[in-house]
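Quick one: the structure is below, questions incoming.
The values are calculated or read from the model by the stated rules, or taken from the named source; none is laboratory data. Just so we're clear, the structure is a prediction, and the values are computed from it rather than from any experiment. Cβ placement follows ideal geometry from the backbone for every residue including glycine, while neighbour counts extend to all protein chains displayed.
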Amino acid sequence: MKYYNKKMECMDRAELKKLQSERLAALVAYVYKNVAVYRAKMDAIGLLPSDIRSIDDISKLPFTTKQDLRDGYPFGMFASKKRDIVRIHASSGTTGKLTVVGYTKRDVDDWAECCARSLVCAGMDKNSVVHVAYGYGLFTGGLGLHYGAEKLGAMTVPASGGNTARQVQLLRDFRADALCCTPSYALYIADEMEKMGVKKEELNLKSGIFGAEPWSDNMRVEIENRLGIKAYDIYGLSEISGPGVAMDCAEQSGKHIFEDLFFPEIVDRDTLAPLPYGGEGELVFTTLNKQGLPLIRYRTRDICALTDEPCKCGRTHVRMSKVFGRTDDMLIIRGVNVFPSQIESVLMNNDQAVAPHYFITVDRVNMIDTIEIQIEVNEKSFSDEVKKMEALQKKLEHDLFTAIGINAVVKLVSPNTLPRSEGKAKRVTDLRKSNR
Ligand code: DLL
């Protein structure tokens, strides 16, 4: 099975546009009637639902932000009656209040379909064994892929995160074909296999469905080599549904956004003006078929680019690039914009010497921003010889300067000393916020 839903995934683009236009018009009428926040936002600019006739009218509509969801905590922006909501998820984010999302039965079904489509993109079918090591609970990763795998008819292993030695045992004994988890956890599992003396050849793994956090192409190569699999990038966010908003196909050259359900735009990060395909900016989504928590022009804060170049896989949906960073995890150090992903790329280019485990500490000393990066040296290049370690440190500092344009202090640490994560990795602490 090459596609889960060929009709939707390979729809002629003119036909797709017609479907998107119909869905958008219905959505706007629906939220105007059922969500006070949207009614107020539209009334404020004198926009009526009847003004939205085609997907080309989308830029007339107001944006939605995470703050809107927080202000309505917990259920203020839901469009369905509470009795029609069958599932709640929530994400914590960096600041206090949870962002709560709700799904009707149809929403859960559409979301499961997105995850089933994603698993098929990664070569899975009903005969596959799918090991889900994303966390189960309020986080959307575990249950999202779980429902998708079941919908596909695969044998689904709800391992959830944690107890890594047991994960390795289950992967081996149940002959899992696919591993679903964060890319950082995939590396953790690879480390654990090494420790346990389990070779990749003893597993039956073919694909990894990795997402929920940014990761570089170099990290993909490392995971592919260490686990002997093809590593696919899956993207999503709770507000829009969860995992499976977009997914790599076998070409691995950008993630197809399931455009019959989610309409993507890229907007200029400062002016918020829509950008043509190819432009780099903030990704914005409109949910085209959601009932519980439909969102109009939701600002994801993720920075990426879109392309509508045809893809060899036959899917017609546009593709999104890697997420280059977020508008809000972007660090501004001495006036220079720095994304943790840029630092990761430098480490990956030095992967013969250092493991992709690092921790960034930003501070302000005597009014000047400082950045220190703790980097784990790998077993092979770890040495007691001070000179050797100093040379490596200098090289990394030089490479970092070339990549990010500022001087960072590198502190090399021994193998296996930085904390590992079973879910999304936390790699940055900004002490300037608490010292201000
Ligand atoms: O992380 C949903 C998910 C679960 C996606 C499992 C993929 C796999 P949230 O917790 O709401 O939802 O976090 C969403 O995570 O806005 C991105 O910044 C980041 N993110 C998610 N997938 C990727 C990815 C889930 N493939 C936020 N690459 C998003 C880079 C990603 N960043």
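Give me the pairs, please: first residue somewhere in the range 209-231 and assigned by TED's automatic domain parsing to the domain that holds Cys115 and of a type in the set (D, E, K, R), second residue anywhere and within 13 Å of the ligand (Cβ to nearest atom) and in a helix (DSSP H, G or I), beta-carbon distance under 8 Å, and either six or more positions apart or on two chains.
Qualifying pairs under 8 Å: Glu213/Pro183; Glu213/Ser184; Arg220/Pro183.
Does Lys387 count as in contact with a Phe, Trp or Tyr (Cβ under 9 Å, 6 or more places away or on another chain) and not small (Gly, Ala, Ser)?
No.
Given the residues Tyr188, Tyr147, which is the only one that is within 22 Å of the chain's Cα centre (by Cα), assigned to a helix (DSSP H, G or I) and closer than 21 Å to Tyr3 by Cβ? Give the steps one after another, and end with the answer.
On the way: Tyr188 fails: closer than 21 Å to Tyr3 by Cβ.
Result: Tyr147 is the single residue among Tyr188, Tyr147 that is within 22 Å of the chain's Cα centre (by Cα), assigned to a helix (DSSP H, G or I) and closer than 21 Å to Tyr3 by Cβ.
Oh, and also: Pairs under 7 Å by beta carbon, first residue within 17 Å of Gln291 (Cα to Cα) in the range 31-52, partner of a type in the set (Lys, Arg), six or more apart or different chains?
Final answer for the pair search is Tyr32/Arg39.
For the range 341-360, indicate whether the set of residues that are small (Gly, Ala, Ser) and in a strand (DSSP E or B) is non-empty.
Yes, the range 341-360 contains a residue that is small (Gly, Ala, Ser) and in a strand (DSSP E or B).
Let me ask you something else. Within the bounds of the range 64-77, is there any residue that is touching a residue at least 40 places away in the same chain (Cβ under 8 Å), more than 13 Å from the ligand (Cβ to nearest atom), among the polar types (S, T, N, Q) and within 26 Å of Asn5 (Cα to Cα)?
Checking the range 64-77: not a single residue is touching a residue at least 40 places away in the same chain (Cβ under 8 Å), more than 13 Å from the ligand (Cβ to nearest atom), among the polar types (S, T, N, Q) and within 26 Å of Asn5 (Cα to Cα).
Further question: What residue, among those in the range 266-302 that are outside any loop (DSSP other than H, G, I, E, B), under 21 Å from Tyr38 (Cα atoms) and touching a Lys or Arg at 6+ places or on another chain (Cβ under 7 Å), is farthest from the ligand (Cβ to nearest atom)?
Taking the candidates together, the pick is Thr286.
Same structure again: Say we look at the range 129-138 and pick out the residues that are more than 26 Å from Met1 (Cα to Cα) and surrounded by fewer than 21 Cβ atoms within 10 Å (Cβ to Cβ); which of these is nearest to the ligand (Cβ to nearest atom)?
Among those that are more than 26 Å from Met1 (Cα to Cα) and surrounded by fewer than 21 Cβ atoms within 10 Å (Cβ to Cβ), it is Leu138.
Does Arg106 fit the bill of being crowded, with 16+ Cβ neighbours inside 10 Å, touching a residue at least 24 places away in the same chain (Cβ under 8 Å) and either in a strand (DSSP E or B) or charged (D, E, K, R) (or both)?
Answer is no for this residue.
From the set of residues in the range 228-242 that are assigned to a strand (DSSP E or B) and either closer than 18 Å to Ile296 by Cβ or within 12 Å of the chain's Cα centre (by Cα) (or both), which is farthest from the ligand (Cβ to nearest atom)? Spell out how you get there, then give the answer.
Quick first cut of the range 228-242, residues assigned to a strand (DSSP E or B) only: 230-237, 242.
If we keep only those that are either closer than 18 Å to Ile296 by Cβ or within 12 Å of the chain's Cα centre (by Cα) (or both) too, we end up with 232-237, 242.
Values: Tyr232: 9, Asp233: 5, Ile234: 5, Tyr235: 4, Gly236: 4, Leu237: 4, Gly242: 5 Å.
Once the filter is applied, the top-ranked residue is Tyr232.
Here's a follow-up. With the requirement that a residue be outside any helix (DSSP H, G or I), exposed (fewer than 14 other Cβ atoms within 10 Å of the Cβ) and touching a helix residue (DSSP H, G or I) at 6+ places or on another chain (Cβ under 9 Å), what does the range 12-58 give you?
Ile45, Leu48, Arg53, Ser54
Mind checking which residues of the range 113-128 are in contact with a Leu (Cβ under 9 Å, 6 or more places away or on another chain) and not charged (D, E, K, R)?
Scanning the range 113-128 gives Cys114, Cys115, Ala116, Ser118, Leu119, Val120, Met124, Ser128.
I've got another one for you. What is the residue count in the range 366-417 for residues that are outside any helix (DSSP H, G or I) and more than 30 Å from Lys195 (Cα to Cα)?
Qualifying residue count, the range 366-417: 11.
Could I ask something else about it? Is it fair to say Thr316 is polar (S, T, N, Q) and in a strand (DSSP E or B)?
Numbers: polar (S, T, N, Q): yes; in a strand (DSSP E or B): no.
Against the criterion (polar (S, T, N, Q) and in a strand (DSSP E or B)), Thr316 does not qualify.
Pick from the range 326-347 the residues that are among the small types (Gly, Ala, Ser) and surrounded by 14 or more Cβ atoms within 10 Å (Cβ to Cβ): which of them is farthest from Thr370 (Cα to Cα)?
Per the criteria, the residue is Ser345.
Turning to a different aspect of this structure: When you go through Val323, Val318 one by one, which is the residue that is modelled with pLDDT of 95 or more, among the aliphatic types (A, V, I, L, M) and surrounded by 15 or more Cβ atoms within 10 Å (Cβ to Cβ)?
Every option except Val318 fails the conditions.
When you check Thr99 against the structure, is it within 24 Å of Arg301 (Cα to Cα), within 15 Å of the ligand (Cβ to nearest atom) and at pLDDT below 95, yes or no?
yes
Give the range 351-364 a look and list any residue that's under 20 Å from Gly405 (Cβ atoms) and either modelled with pLDDT under 90 or charged (D, E, K, R) (or both), or say none. Give the steps one after another, and end with the answer.
To start, the set of residues in the range 351-364 that are under 20 Å from Gly405 (Cβ atoms) comprises 358, 360-364.
Across the range 351-364, the qualifying residues are Asp363, Arg364.
Among (1) over 30 Å from Val86 (Cβ atoms); (2) within 16 Å of the ligand (Cβ to nearest atom); (3) aliphatic (A, V, I, L, M), where does Ala116 come up short?
Of the numbered conditions (1) over 30 Å from Val86 (Cβ atoms); (2) within 16 Å of the ligand (Cβ to nearest atom); (3) aliphatic (A, V, I, L, M), the odd one out for Ala116 is (1).
Something else: Does Gly141 qualify as being more than 15 Å from Arg87 (Cα to Cα) and within 12 Å of the ligand (Cβ to nearest atom)?
Details: more than 15 Å from Arg87 (Cα to Cα): no; within 12 Å of the ligand (Cβ to nearest atom): yes.
Against the criterion (more than 15 Å from Arg87 (Cα to Cα) and within 12 Å of the ligand (Cβ to nearest atom)), Gly141 does not qualify.
Hey, another quick one. Keeping to the range 196-213, report how many residues are at pLDDT below 95 and surrounded by fewer than 21 Cβ atoms within 10 Å (Cβ to Cβ).
Count: 1.
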